[in-house]
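Asks: Quick one: structure below, then a few questions.
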Amino acid sequence: MITRISSGSSPAGAVFYNEQKVGKGEAQRLALRNFEGIRLATEQLTPSMVAGKLEDRAALSERVKLPTFHVSLALAKGEVVPAEDLLAIADQYMLGMGYSRQPYAVYQHHDTEHPHIHIVSVRVDETGKKISDKFEREKSNTLRQQIEKDFGLQIAEHAALRPQRSELRPVHYGEGDLKRDVSAVVQSILKDFHFSTFAQYSQLLKIYNVQAVEVVLDGSKRGLKYSALDGEGKAVGPSLKASSLPYRPTMEVVERRMKAGKKIKGDRAGSLRKAADAILSQSRDWNDFQQRLLRINVRAIPHLTKDGNLFGISFLDTRSRAIYAGSELGKVFTAGSLKQALGEEYSPLRPPTLQAQSPSLRQEAKLAQAVQAQETESYGQADLIRQLLYALSADDGVHEGEQELKRMLKKSRQKPRLS
């Protein structure tokens, strides 16, 4: 089990964060403890009533600037624990932390692969004194270890809550479970990649033979349907509503990822722009330009007309898993400007040779030759990009981007920082 504690200036913010999850069907309010004076059943209290009770307690002391106590307790992936046991875990934890007499709300979340609960309380007791947070992290860790033993949970030191990334495979219609395979691709793109437009989201999905199509739901609300693509990029099989897939990858979710991705990419674009600008100044032609980009783990993705004319270009940083339109890196990286610099006729990347000096380029060369050796398969654009993503990006550094994405999502909701 993993525990994360956070503080905040307003317990209402933490309550509404969890209650919004409840409203979306992504969480459940399990219990309200020590809400004296309120005789309604737990499920009958409105979010405002829950938040108001905690705010009233926090108001007993003006000296406690961060009265919110918000903790998440996450179990290992695959552990199945009934709601009553989760509630017992919450009560044992709060007792050990010194909050057993405090008002607190317990929520079970269903929006990740790891079963977890959130507990929201206040650091001010009934007399207006602050509940001590001295050695809080150490106390929490000791409690966590005891709870793991008492409830037979996987030990955090032994169970990897963030296992190494398994290879994301393209969807092949007619092979395997369509809904499961499409969902796996969609979840990975939303979780692991940074994009800022719906077109970029679609580009990433298509690498893995998945298509997202915007539809109009009841009224004017926008929705999404996902489907598989065949080798020619045509939709095959039934379309799947976003709301029917695990974790509900709806348009609202995609838009939040776009907003977070725009900020994350903006922070990183400067260094990539500088490196790409130096590469462009040294490049003789299209092939040379693309080969040099590979040395910094960047893949150029051309957008061609049916006649093979270049009308747009994107750049996929396979290390940070971020996709940029040429214009996001600067005017010199738009299709028109690159044609002037490298030649009017775009030429696809030729497989590099093993004599290349860069380690990453040698790795790319091996991949290219391996693909070429398979006589039954073509050396396709999407195939190579898929190979690159998992040959050049299979390190632990991607977790940093994931954490940054989560931080940006929290900021975009304009709520106090949550665990």
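Asks: My understanding is that a pair violates if its Cα-Cα distance is over 28 Å; which of K274/K339; K77/K134; K21/K206; K139/K263; K221/K331; K206/K265 do that in this structure?
Replies: Numbers: K274/K339 20 Å; K77/K134 31 Å; K21/K206 30 Å; K139/K263 36 Å; K221/K331 35 Å; K206/K265 21 Å.
Beyond 28 Å between Cα atoms: K77/K134; K21/K206; K139/K263; K221/K331.
Asks: Expressed in nm², what is the orientationally averaged projection area of the convex hull enclosing the Cα positions of segment 58-117?
Replies: Averaged projected area of segment 58-117's Cα convex hull equals 5.0 nm².
Asks: How high is the FRET efficiency between L304 and K139 when r is their beta carbon distance and R₀ equals 56 Å, given to the nearest 0.05?
Replies: Rounded to the nearest 0.05, the efficiency is 0.40.
Asks: Put F198, F16, F35 in order of accessible area, largest first, 1.4 Å probe: what do you get?
Replies: Numbers: F198 50, F16 70, F35 20 Å².
Largest to smallest exposure gives the sequence F16, F198, F35.
Asks: Does anything in segment 1-42 have its amide N under 16 Å from the 7 Å Cα→Cβ label point of Q154, and if so which residues?
Replies: 1-3
Asks: Computing the accessible area with a 1.4 Å probe over protein heavy atoms, can you report the carbon and sulfur percentage for segment 283-357?
Replies: Of all accessible area on segment 283-357, carbon and sulfur atoms account for 48 percent.
Asks: Could you tell me the calculated FRET efficiency between A275 and K129, based on Cβ-Cβ distance and R0 = 60 angstrom, to the nearest 0.05?
Replies: It comes to 0.60.
Asks: Here is a follow-up. Based on alpha-carbon centroids, what's the gap between segment 96-131 and segment 238-312 in Å, whole number please?
Replies: 41
Asks: Next up: Rg and Dmax of segment 34-140 over Cα atoms: what are they, in angstrom?
Replies: When restricted to Cα atoms, segment 34-140 yields Rg and Dmax of 14.6, 43 Å.
Asks: If you don't mind, there's one more thing I want to ask. For E175 and S337, compute 0.36 nm times the residue count separating them, minus their Cα-Cα distance, and round to one decimal in nm.
Replies: 54.0 nm
Asks: Go through segment 35-94 and name the trypsin sites (Lys or Arg not before Pro) that are in a DSSP coil and have 13 or fewer other Cβ atoms within 10 Å of their Cβ.
Replies: R39, R63, K65
Asks: How high is the FRET efficiency from E84 to S9, r the C-beta distance, R0 30 Å, rounded to 0.05?
Replies: Numbers: r = 33 Å, r/R0 = 1.11.
E(calc), rounded to 0.05, equals 0.35.
Asks: Once neighbouring chains are kept in place and the probe is 1.4 Å, which whole percent of the accessible area of segment 69-123 is contributed by carbon and sulfur?
Replies: Roughly 54 percent, rounded to a whole number.
Asks: Then there is this: At what distance in nm do the modelled label points of A41 and S347 sit from each other, each positioned 7 Å from its Cα along Cα→Cβ?
Replies: Placing both labels 7 Å beyond Cα along the Cβ direction yields 7.4 nm.
Asks: Counting only heavy atoms of the protein chains, get the accessible area per residue of segment 183-304 (1.4 Å probe) and round it to a whole Å² value. Let's see the in-between values first.
Replies: Values: 5530 Å² over 122 residues.
Accessible area per residue: 45 Å².
Asks: Moving to a separate point now. Multiply the residue separation of K221 and E62 by 0.36 nm, subtract the distance between their alpha-carbon atoms, and state the gained length in nm to one decimal.
Replies: 52.9 nm
Asks: How big is the accessible area of K225 in square angstrom, nearest 10, if you roll a 1.4 angstrom probe over the protein chains?
Replies: Ignoring ligands and nucleic acids, K225 comes out at about 70 Å².
Asks: From the protein chains alone at 1.4 Å, what is the descending order of accessible area for Y104, Y173, largest first?
Replies: In descending accessible area the options line up as Y173, Y104.
The values are calculated or read from the model by the stated rules, or taken from the named source; none is laboratory data. Source: prediction; values computed, not measured. Reconstructed Cβ throughout: ideal geometry from the backbone, glycine too, with neighbour counts over all protein chains shown. With ligands, DNA and RNA removed, areas are computed over all heavy atoms of the protein, side chains included. Shrake-Rupley method; radii C 1.70, N 1.55, O 1.52, S 1.80 Å.
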